[in-house]
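Student: What follows is a structure written as structure tokens; I'll ask about it next.
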Amino acid sequence: MHTVDGQVSYITLNRPEVLNALTPGQRDLLVELLARASADPDVRAVVLTGTGRGFCAGADLRGASGAGERVAGDVARTLRLGAQRLIAAVLDCEKPVIAAVNGTAAGLGAHLAFACDLVLAAESAKFIEVFVRRGLVPDGGGAYLLPRLLGPQRAKELMFFGEALTAREAERLGLVNRVLEDEELTKTAREWAGRLVTGPTRALALTKQLVNASLDSDRATAFAAEAAAQEINMTTEDAQEGVASFVERRSPEYRGR
């Protein structure tokens, strides 16, 4: 399900009977919706959530084992064009993306949440690096995201054992910003999105880009990127408004431009 309300794009995974496991078509639709939100000046934040007991149980693998003989390169190509493209769409979206994790987030579903800029989790939510249980290597950006969020030892522990992580444990490790009572999740996600909508949208986009890139950069590269981003940002209407409001001692009114 997809709606735009109050300059927020709300994307809701809606296959509760399979804990919102993603088919290839649904995955591609998510990529399209994130790209659309990124390019639309009237959208200034994104909220991603699910229905029922699951946020997202990962890729829907039903029928995968009977797909016939594989050709060399098929698996790698499928990952590049599928799970990896989805995670990249979240990381590259020019608008802040909030994950409102309402239930189980497993495999690709966990990585989908961890790729978001802000993560809210219901008390009943849990996160599972399920790949080892299926004899698989973590994909969908897991081996890229988790060491950067947790460090290598913690990341390996989660990936080697595949044990479920409660929302509170995820919060303690820094994977989740806030844990909320289940009935408060949607309300808080809307409140946070509302706060983002009133912010300087282009400055937030550049901030997101700087923070994400800094994890792969040395200091000189990060400093150069910071200076370039501020140079670009100072040409925006919101930056001019921010400076003017400070001088005039009033609250800024950002328009996202």
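Student: Kindly indicate the residue of the range 8-30 that is outside any strand (DSSP E or B) and aliphatic (A, V, I, L, M) and also most open to solvent (accessible area, probe 1.4 Å) among those meeting that condition.
Tutor: This residue is LEU29.
Student: ARG70: assigned to a helix (DSSP H, G or I) and either under 18 Å from VAL31 (Cβ atoms) or open to solvent by 10 Å² or more (accessible area, probe 1.4 Å) (or both), yes or no?
Tutor: no
Student: Continuing with this model, one more query. What residue, of VAL4, VAL90, VAL43, is part of a loop (DSSP other than H, G, I, E, B) and among the β-branched types (Val, Ile, Thr)?
Tutor: Exactly one residue qualifies, and that residue is VAL43.
Student: Listed residues LEU34, LEU48; which is among the aliphatic types (A, V, I, L, M), modelled with pLDDT of 95 or more and in a helix (DSSP H, G or I)?
Tutor: Answer to the check: LEU34.
Student: Against the condition at pLDDT 95 or above and out of contact with any helix residue (DSSP H, G or I) (no Cβ under 8 Å at 6 or more places or on another chain), how does ALA164 come out, does it pass?
Tutor: In short, yes.
Student: What residue, among those in the range 185-225 that are charged (D, E, K, R) and in contact (Cβ under 8 Å) with a residue 40 or more places away in the chain, is most open to solvent (accessible area, probe 1.4 Å)?
Tutor: That would be ARG190.
A quick yes/no check of all residues on (1) of a type outside the set (A, V, I, L, M, F, W, C); (2) assigned to a strand (DSSP E or B); (3) surrounded by fewer than 16 Cβ atoms within 10 Å (Cβ to Cβ):
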{"position": "PHE131", "(1), (2), (3)": "no, no, no"}
{"position": "VAL137", "(1), (2), (3)": "no, no, yes"}
{"position": "TYR144", "(1), (2), (3)": "yes, no, no"}
{"position": "GLN153", "(1), (2), (3)": "yes, no, yes"}
{"position": "LYS156", "(1), (2), (3)": "yes, no, yes"}
{"position": "MET159", "(1), (2), (3)": "no, no, no"}
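Student: Against the definition (over 21 Å from THR207 (Cα atoms), among the hydroxyl-bearing types (Ser, Thr, Tyr), open to solvent by 20 Å² or more (accessible area, probe 1.4 Å) and not in a strand (DSSP E or B)), how does THR78 come out, yes or no?
Tutor: yes
Student: Let me ask something else about it. Would you tally the residues in the range 200-233 being in a loop (DSSP other than H, G, I, E, B) and out of contact with any helix residue (DSSP H, G or I) (no Cβ under 8 Å at 6 or more places or on another chain)?
Tutor: 2
Student: Can I ask one more? For the condition under 19 Å from GLY199 (Cβ atoms) and open to solvent by less than 60 Å² (accessible area, probe 1.4 Å), what is the one hit in ASP40, ASP5?
Tutor: Result of the check over ASP40, ASP5: ASP40.
Student: Sticking with this one: Exactly one of (1) in a helix (DSSP H, G or I); (2) more than 18 Å from the chain's Cα centre (by Cα) is unmet by GLY194. Its number?
Tutor: Just one mismatch for GLY194, condition (2).
Student: Assess whether LEU146 counts as being touching a residue at least 24 places away in the same chain (Cβ under 8 Å) and under 18 Å from GLU169 (Cα atoms).
Tutor: yes
Student: Within the bounds of the range 14-28, is there any residue that is basic (Lys, Arg), in contact with a helix residue (DSSP H, G or I) (Cβ under 7 Å, 6 or more places away or on another chain) and in contact (Cβ under 8 Å) with a residue 60 or more places away in the chain?
Tutor: Looking for residues that are basic (Lys, Arg), in contact with a helix residue (DSSP H, G or I) (Cβ under 7 Å, 6 or more places away or on another chain) and in contact (Cβ under 8 Å) with a residue 60 or more places away in the chain, one finds none in the range 14-28, hence no.
Student: Shifting gears a bit: Exactly one condition in (1) of a type outside the set (Asp, Glu); (2) open to solvent by 20 Å² or more (accessible area, probe 1.4 Å); (3) not in a strand (DSSP E or B) is not met by LYS95; state its number.
Tutor: (2)
Student: Of all residues in the range 234-256, how many are modelled with pLDDT of 90 or more, open to solvent by less than 100 Å² (accessible area, probe 1.4 Å) and either among the aromatic types (Phe, Trp, Tyr) or part of a loop (DSSP other than H, G, I, E, B) (or both)?
Tutor: Of the residues in the range 234-256, 6 are modelled with pLDDT of 90 or more, open to solvent by less than 100 Å² (accessible area, probe 1.4 Å) and either among the aromatic types (Phe, Trp, Tyr) or part of a loop (DSSP other than H, G, I, E, B) (or both).
Student: Where the second residue is part of a strand (DSSP E or B) and the first is charged (D, E, K, R) and lies in the range 40-61, which pairs have Cβ atoms under 8 Å and are six or more apart or on separate chains?
Tutor: Partner pairs satisfying both residue conditions: ASP40/SER9; ASP42/VAL4; ARG44/VAL8; ARG53/THR104; ASP60/LEU22.
The values are calculated or read from the model by the stated rules, or taken from the named source; none is laboratory data. None of the values given here were measured: they were computed from a predicted structure. Backbone-built Cβ (ideal geometry, glycine too); neighbour counts: all protein chains shown. In case anyone asks, the SASA skips ligands and DNA or RNA and just uses the protein heavy atoms, side chains included. Shrake-Rupley method; radii C 1.70, N 1.55, O 1.52, S 1.80 Å.
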